[in-house]
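The values are calculated or read from the model by the stated rules, or taken from the named source; none is laboratory data. It should be emphasised that the depicted structure is a prediction, and the values quoted were computed from it without experimental measurement. As a convention, Cβ positions derive from the backbone with ideal geometry for all residues, glycine included, and neighbour counts pool all protein chains shown. To get the accessible areas, we keep the full protein, side chains included, count just its heavy atoms, and leave off ligands, DNA and RNA. Shrake-Rupley method; radii C 1.70, N 1.55, O 1.52, S 1.80 Å.
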Amino acid sequence: MHRLKNDIGNIYFIRGVIYMKILLVGATGTIGQIVYEELKADAEIIQASRHAPDYPVDITSQDSIKQLFNQVGPLDGIICTVGAAHFGPLEEMTPEQNLIAVHSKQLGQINMVLLGQKYLRDHGSITLTTGILMDDPLKTAASAAMANGAVSAFVKSAAIEIPRGIRINHVSPSMLEKSKEKHGKLFQGYEPVSSTRIGLAYRKSVFGAQTGQAYKVY
Ligand SMILES: NC(=O)c1ccc[n+]([C@@H]2O[C@H](COP(=O)([O-])OP(=O)(O)OC[C@H]3O[C@@H](n4cnc5c(N)ncnc54)[C@H](OP(=O)(O)O)[C@@H]3O)[C@@H](O)[C@H]2O)c1
């Protein structure tokens, strides 16, 4: 396959030939599907999730993550749009319930970086997913906010030492228009954001030159 590079080293395509191989974990989810639609014309997208027929992965398991990276091989981009968290009143929240977000949204995504970085080609990119709750708190959402904040801090710090020109950012969405029916009761007074804005934030992270950024779609 013929590959071209631009001035920051990103690989670009020529006349429709696929030039980038991107792993999208969470591809069947609300955000994952938006990201897939946004990027599918410009890259080969490997669609992974727990129930994905070809590329199953559970990001709460290091063995499962390692198996996926061994299966997919060298990549130009890693995108993770996964992250479970327990929502419930703080006074009733148990340490075990809090661990759901720690194991999934927080360490799951961070382990995707730690275990996946060596599978990225030079100047590849990593894009994680956080959320508005780290900046704009809601009752019952402390555990999700904790994981978002941890991932955000990790990204900022990792960006200054991740090697070989690899870039790392996260997208922090507000409630999506597509999720209004599911989450609208919780997110009272939040203006839902369009799929277009969400898709573009991930595009900016993958095709842009910036690193260590939080793309806040609020
Ligand atoms: N939707 C919103 O309005 C919104 C706003 C702000 C932030 N966010 C954040 O964005 C992330 C994605 O949200 P979403 O609404 O797109 O969620 P979603 O519709 O529930 O989709 C989740 C996706 O992740 C996969 N998945 C779940 N657990 C997994 C695991 N342990 N390992 C691998 N894949 C797993 C699911 O597929 P399988 O079941 O096949 O694994 C699915 O593809 C969440 O962290 C959420 O907090 C969402």
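Compute the convex hull volume of the Cα atoms of the stretch 44-114, divide it by the residue count, and report the result per residue in Å³ as a whole number.
Numbers: hull volume 6.7 nm³, N = 71.
Cα convex hull per residue, to the nearest whole number: 94 Å³.
Whole-Hz Karplus ³J(HN,Hα) for the stretch 192-205, in order, using 6.51 cos²θ - 1.76 cosθ + 1.60 and θ = phi - 60°, x for Gly and Pro?
x, 9, 6, 4, 4, 5, 5, x, 5, 5, 5, 4, 4, 5
Could you pull out every residue, at least 5 positions away or on a different chain, whose amide H is within less than 5 Å of the one on residue 176? Hs are placed 1.01 Å off N in the peptide plane, and Pro or chain starts have none.
Excluding prolines and chain starts, which carry no amide H, the hits are 193.
Charges at C-beta only: +1 for Lys and Arg, -1 for Asp and Glu. How large is the resulting dipole of the chain about its Cα centre, in Debye rounded to 20? Could you put the intermediate results ahead of the total?
Working: 22 positive and 19 negative charges, 111 e Å.
That gives a dipole near 540 debye.
Counting only C-alpha contacts under 8 Å and six or more residues apart, can you give the relative contact order of the stretch 4-217 as a whole percent?
Once divided by the residue count of the stretch 4-217, the mean separation gives 19 percent.
Aspartates and glutamates within cross-link reach of residue 139: Cα-Cα under 17 Å, excluding same-chain residues under 8 positions apart?
Here the aspartates and glutamates satisfying the reach criterion relative to residue 139 are 91, 92.
Which ³J(HN,Hα) values in Hz, rounded to whole numbers, follow from the phi angles of the stretch 170-187 under the Karplus curve 6.51 cos²θ - 1.76 cosθ + 1.60, where θ = phi - 60° and Gly and Pro get x?
Along the stretch 170-187, the couplings run 9, 9, 10, x, 7, 4, 7, 4, 5, 9, 4, 4, 6, 10, x, 5, 6, 8 Hz.
State the answer as a single residue: which of 112, 67, 127 lies farthest towards the positive end of the charge dipole of the stretch 64-155, with beta carbon charges of +1 for Lys and Arg and -1 for Asp and Glu, about the Cα centre.
67
Expressed as a whole percentage, what fraction of the accessible surface of the chain belongs to carbon and sulfur atoms when a 1.4 Å probe is rolled over the protein heavy atoms? Provide the component values of the computation, followed by the final result.
Values: 5670 of 10890 Å².
Of the solvent-accessible surface of the chain, carbon and sulfur hold 52 percent.
Percentage of Cα-Cα pair distances in the chain greater than 24 Å, rounded to whole percent? Display every interim value, and only then the final one.
Numbers: 9360 of 23653 pairs.
Summing the P(r) of the chain above 24 Å gives 40 percent of all pairs.
Give me a comma-separated list of calculated 3J(HN,Hα) values for the stretch 99-105, in order, Karplus coefficients 6.51, -1.76, 1.60 applied at θ = phi - 60°, integers in Hz, x for any Gly or Pro.
Running phi through 6.51 cos²θ - 1.76 cosθ + 1.60 with θ = phi - 60° gives 5, 4, 5, 4, 6, 9, 5 Hz.
Scan around residue 20 for amide H atoms under 5 Å from its own, H built in the peptide plane at 1.01 Å from N, and keep only partners 5 or more places away or cross-chain.
Under 5 Å from the amide H of residue 20: 44.
Counting heavy atoms of the protein chains only and a 1.4 Å probe, report the per residue accessible area for the stretch 4-217 as a whole number of Å².
Working: 10440 Å² over 214 residues.
Per-residue accessible area for the stretch 4-217 comes out at 49 Å².
What is the set of long-range amide H partners of residue 167 at a cut-off below 5 Å, with H atoms built 1.01 Å from backbone N?
Amide H to amide H, under 5 Å and 5 or more residues apart or across chains, residue 167 pairs with 124, 125, 126.
If packing is taken as the mean number of other Cβ atoms within 10 Å per residue, what is the order of 93-99, 152-158, highest first?
On the way: 93-99: 12.3, 152-158: 17.1.
Order by mean packing, descending: 152-158, 93-99.
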